[in-house]
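Engineer: I'd like to ask some things about the structure below.
The values are calculated or read from the model by the stated rules, or taken from the named source; none is laboratory data. Just so we're clear, the structure is a prediction, and the values are computed from it rather than from any experiment. Using ideal geometry, Cβ is built from the backbone for each residue, glycine included, and neighbour counts are taken over all protein chains shown. Quick note on the areas: whole protein, heavy atoms, side chains included, nothing else; ligands and nucleic acids left out. Shrake-Rupley method; radii C 1.70, N 1.55, O 1.52, S 1.80 Å.
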Amino acid sequence: MSSSTVITNIATLVTNDPSLDGSPLGLVRDAAVVIDGDRVAWTGAAGEAPAADNRVDAGGRAVLPGFVDSHSHLVFAGDRTQEFNARMSGRSYTAGGIRTTVAATRAATDAELEANLTRYLAEALRQGTTTLETKSGYGLTVEDESRALRIAAGHTDEVTYLGAHIVPPDHADDPAAYVALVTGEMLDACAPHARWIDVFCEQGAFDGDQARAILTAGRARGLHPRIHANQLSHGPGVQLAVELDAASADHCTHLTDADVDALAQGNTVATLLPGAEFSTRAEWPDARRLLDAGVTVALSTDCNPGSSFTSSVPFCVALAVRDMGMTPDEAVWSATAGGAAALRRTDIGRLTPGARADLTLLDAPSHVHLAYRPGVPLVSGVWRGGVRVV
């Protein structure tokens with residue numbers, strides 16, 4: 001039989017229920033939350049909280065939904081410190097980027113890949129992330145892609161098949177044969193372990209026609225599309241995402257007015273990944289432009305060993321506020337409810353009766369401190385599925 005817990009003396013509670021105060025965050029001051037089993041049973045003013053089996057005093061701190069990190073690449077081996085150091089030192093670096101990680105990942109054992117994955121999942125959890133999507137994409141063979149997804153599926157429900165990350169060196173002379181592999185034998189081996197299919201639609205990776213073929217094949221096997229779109233240059237990725245009803249178009253740095261309009265009129269979430277721009281000194285995505293057009297925006301880490309080696313959603317919140325034109329409220333919404341929308345989930349990213357009891361307790365009186373105190377480890381408690389895990 002499940003027991004109930006009331007968390008009380010909450011200075012600011014973020015519910016993401018706009019019916020409470022008319023704002024997207026649905027803020028409640030001097031609040032309480034009741035957890036029953038793995039679900040939220042009640043939220044409201046602390047003085048009105050119903051009785052529960054257990055009581056936790058939040059000590060005048062803020063409570064918000066657990067972060068939903070809807071874009072990461074955590075099944076990998078090896079290290080790209082030298083590449084990052086060269087890039088930050090103004091030196092050209094030609095060691096092959098993703099290909100370096102592919103070679104290391106292919107050479108790693110299952111146990112080594114799983115140990116790496118669980119290390120970064122634990123690191124993210126300590127920083128308040130209670131739901132995390134992760135992708136394959138560093139194996140690029142039938143065997144290596146399917147084992148990456150099998151390992152990932154043991155630790156998260158949100159698993160994405162990204163056989164179409166790049167064309168690997170062994171297919172460099174025949175990209176069409178690699179697309180056939182990704183949509184054929186590799187898809188057959190990977191589909192049982194994944195919920196999503198993704199493609200890097202970009203110059204030097206996969207063009208619009210290849211991306212459409214890959215995502216359409218995945219959809220026919222029951223995998224829902226998401227797309228790496230318009231990161232390095234203008235391209236067809238965003239338009240294709242909306243056309244195929246992809247859950248998310250990720251990066252969205254280089255957009256035309258038509259791209260913004262398409263996102264505003266469709267159901268595809270624009271997932272922004274400021275860790276990538278921070279780590280490559282690239283142009284920031286214009287979140288303000290998207291938000292003002294009515295686009296649903298998510299904020300995620302893009303945690304990967306090459307271009308965004310951070311698992312910290314609070315860091316990405318601070319970057320989004322400082323450099324992408326978001327308000328603190330918008331950034332926190334995008335890192336919680338926005339991430340849930342990018343995963344087409346309604347049970348997470350909010351603290352309302354019936355939602356999963358995924359909560360983050362900050363050592364601060366307000367969620368605004370995530371941007372106000374950048375780099376400070378403010379997360380002092382995490383509940384996932386009603387269980388305190390941090």
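Engineer: Summarise the accessible area of the chain (1.4 Å probe, protein heavy atoms) by the percent that is carbon and sulfur.
Structural biologist: Numbers: 7400 of 14890 Å².
About 50 percent, which is the carbon plus sulfur part of the accessible surface.
Engineer: From Cα pairs below 8 angstrom and at least 6 apart in sequence, can you work out the relative contact order of segment 114-175, rounded to a whole percent?
Structural biologist: On the way: 57 pairs, mean separation 21.0, N = 62.
It comes to 34 percent, rounded to a whole number.
Engineer: Just the accessible area per residue of the chain, please: how many Å² with a 1.4 Å probe?
Structural biologist: Ligands and nucleic acids excluded, the result is 38 Å² per residue.
Engineer: Here's a follow-up. Within the chain, what is the longest stretch that has no trypsin sites (Lys or Arg not before Pro) placed in a DSSP loop and near at most 12 other beta-carbon atoms within 10 Å?
Structural biologist: Values: sites that count: R91, R281.
Segment 92-280 is the longest.
Engineer: I need to check one value: relative contact order of the chain, counting alpha carbon pairs closer than 8 Å and at least 6 residues apart, in percent.
Structural biologist: Computed over the chain, the figure is 20 percent.
Engineer: Consider just the alpha-carbon atoms of segment 85-241 and return their Rg together with their Dmax, both in angstrom.
Structural biologist: In order Rg, Dmax, the Cα atoms of segment 85-241 give 15.8, 46 Å.
Engineer: For n ≥ 4 DSSP H runs only, could you compute -39500 (n - 2.57) per run for the chain, divide by its residues and tell me the 222 nm figure to the nearest 500?
Structural biologist: Details: 14 runs with 134 residues, N = 390.
One gets -10000 deg cm²/dmol as the mean residue ellipticity at 222 nm.
Engineer: Once you sort the root eigenvalues of the Cα gyration tensor of segment 285-368 as a ≥ b ≥ c, which label holds: rounded (a/c under 1.5), prolate (a/b larger than b/c) or oblate (the other case)? Don't jump to the answer; show the numbers that get you there.
Structural biologist: Working: a/c = 1.38, a/b = 1.24, b/c = 1.11.
Rounded is the answer for segment 285-368, as its axis ratio a/c remains below 1.5.
Engineer: Still on this model: Under 1.5 on a/c is rounded, so check that first for segment 103-160, then, if it is not, pick prolate when a/b is larger than b/c and oblate when it is not; a ≥ b ≥ c are the square roots of the alpha carbon gyration tensor eigenvalues.
Structural biologist: Prolate, because a/c is 1.5 or more and a/b exceeds b/c.
Engineer: Given 20 °C and 1.002 mPa s, how large is the Stokes-Einstein diffusion coefficient of segment 129-205 in µm²/s, with Rh as the Kirkwood radius over Cα pairs?
Structural biologist: 171
Engineer: Check R39: other-chain or 5+ apart residues with amide H under 5 Å from its amide H, H built from backbone geometry?
Structural biologist: Correct list: A357.
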